[in-house]
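This is the structure I want to talk about, given as structure tokens.
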Amino acid sequence: MIRQLLYRSGQLFEFTAADMTRLLLKSRAYNARHGIGGMLLLQDGLFMQLLEGPAEAVDALYARIASDPRHCEVRLMVRAERTAPLLPGSRMAWSEALMDGETPLFDGIETDTQALARLETARNDRVAAAMRDFLHGAPVPSGGLGCARALERVL
Ligand SMILES: Cc1cc2nc3c(=O)[nH]c(=O)nc-3n(C[C@H](O)[C@H](O)[C@H](O)COP(=O)(O)O)c2cc1C
């Protein structure tokens, strides 16, 4: 069995492309060492991340991520055990929300089309559905994320 966690959070700082690239590179190196896969999504200052892998390793990583001062209002949406991961392989995939006509903020970072295709085909999976909705710009359920809104007012 593997553990699956899905959370969302609000970006607390303006990430540059270099910041985001560094975060992904470090994450991929750490996650690969610990057999953790998943996907990081970004939608207008909000993150959603899927973490999948050995239960203890996933919980330990989530604890680190949840206390990372670069984001706030970290809300766990799903904590489940599965026989197989939704996204196979221990690689942290990446995609920004796919808004019509908008150029991605981080277009230098490769979107993981294989992972996106998997989210599309997993029609009966609630985690895939939540990630698809997020990618298509659906409003994030209320509760928290005030930090992202506060940041918007400051900028
Ligand atoms: C949105 C977000 C997602 C992150 N995802 C991961 C991840 O998948 N793997 C990882 O090792 N670190 C990830 N990090 C970074 C961790 O929070 C943390 O900085 C890193 O594990 C180093 O921890 P340390 O400073 O305690 O050594 C993420 C950070 C943020 C803000």
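Going from most exposed to least, what order do Y30, Y7 have by accessible area with a 1.4 Å probe?
Y30, Y7
Which distance in nm do the two modelled labels at E102 and L25 give, with both placed 7 Å along the Cα-to-Cβ direction?
2.7 nm
Let me ask another. Given the options E52, E14, E102, which has the most mean-square fluctuation in a GNM of the chain, springs set between C-alpha atoms less than 10 angstrom apart?
Checking each option, the largest mean-square fluctuation is seen for E102.
A further question follows. Spin-label point model (7 Å from Cα, Cβ direction): what's the Q114 to D133 distance in nm?
Those two pseudo-labels are separated by 2.9 nm.
Accessible area, 1.4 Å probe, largest first: how do H34, H136 sort? The partial results should precede the final answer.
Numbers: H34 70, H136 105 Å².
Reading off the accessible areas and sorting them downward yields H136, H34.
Further, regarding this structure: Considering only DSSP states other than H, G, I, E and B, which trypsin sites (Lys or Arg not before Pro) in the stretch 33-137 qualify as loop sites with at most 10 other Cβ atoms within 10 Å?
R123
State in Å² the accessible area per residue of the chain; use a 1.4 Å probe, count heavy atoms of protein chains only, and round to the nearest integer.
Details: 8300 Å² over 155 residues.
On a per-residue basis, 54 Å².
Per DSSP helix of 4 or more residues, -39500 (n - 2.57); summed, then divided by the residues of the chain. What does that give at 222 nm, rounded to the nearest 500? List each step's numbers first, then the result.
Values: 5 runs with 57 residues, N = 155.
That comes out to -11500 deg cm²/dmol.
Full-extension gain between E56 and E81, please, as 0.36 nm times their residue separation minus the C-alpha to C-alpha distance.
Length gained between E56 and E81: 7.8 nm.
Go through G53, P88, Q114 and say which Cα lies farthest out towards the positive end of the charge dipole of the stretch 2-154; charges sit on Cβ, +1 for Lys and Arg, -1 for Asp and Glu.
My answer, from the dipole projection, is G53.
Of the DSSP beta bridges with both residues in the chain, give the percent that are antiparallel, rounding to the nearest 5.
Details: 24 of 29 bridges.
Restricted to the chain, the bridges split so that about 85 percent are antiparallel.
Follow-up question, since we're still on this one. In terms of the Cα gyration tensor, with a ≥ b ≥ c the square roots of its eigenvalues, is the stretch 2-154 rounded because a/c is under 1.5, prolate because a/b exceeds b/c, or oblate?
Since a/c stays below 1.5, the shape of the stretch 2-154 is classed as rounded.
Expressed as a whole percentage, what fraction of the accessible surface of the chain belongs to carbon and sulfur atoms when a 1.4 Å probe is rolled over the protein heavy atoms?
Of all accessible area on the chain, carbon and sulfur atoms account for 54 percent.
Next question, about the same structure. So how strong a dipole does the stretch 2-154 carry about its Cα centre when Lys and Arg Cβ are +1 and Asp and Glu Cβ are -1, to the nearest 20 debye?
520 debye
Then there's this: Using Cα pairs under 8 angstrom and six or more residues apart, how large is the relative contact order of the chain, in percent?
With pairs under 8 Å counted, the relative contact order is 33 percent.
The values are calculated or read from the model by the stated rules, or taken from the named source; none is laboratory data. What you are looking at is a predicted structure, and each value in this text was computed from that prediction instead of being measured. When we count neighbours, we look across all protein chains shown, and the Cβ atoms used for this are built from the backbone with ideal geometry, even at glycine. Calculation scope for accessible area: heavy atoms of the full protein, side chains included, ligands and nucleic acids excluded. Shrake-Rupley method; radii C 1.70, N 1.55, O 1.52, S 1.80 Å.
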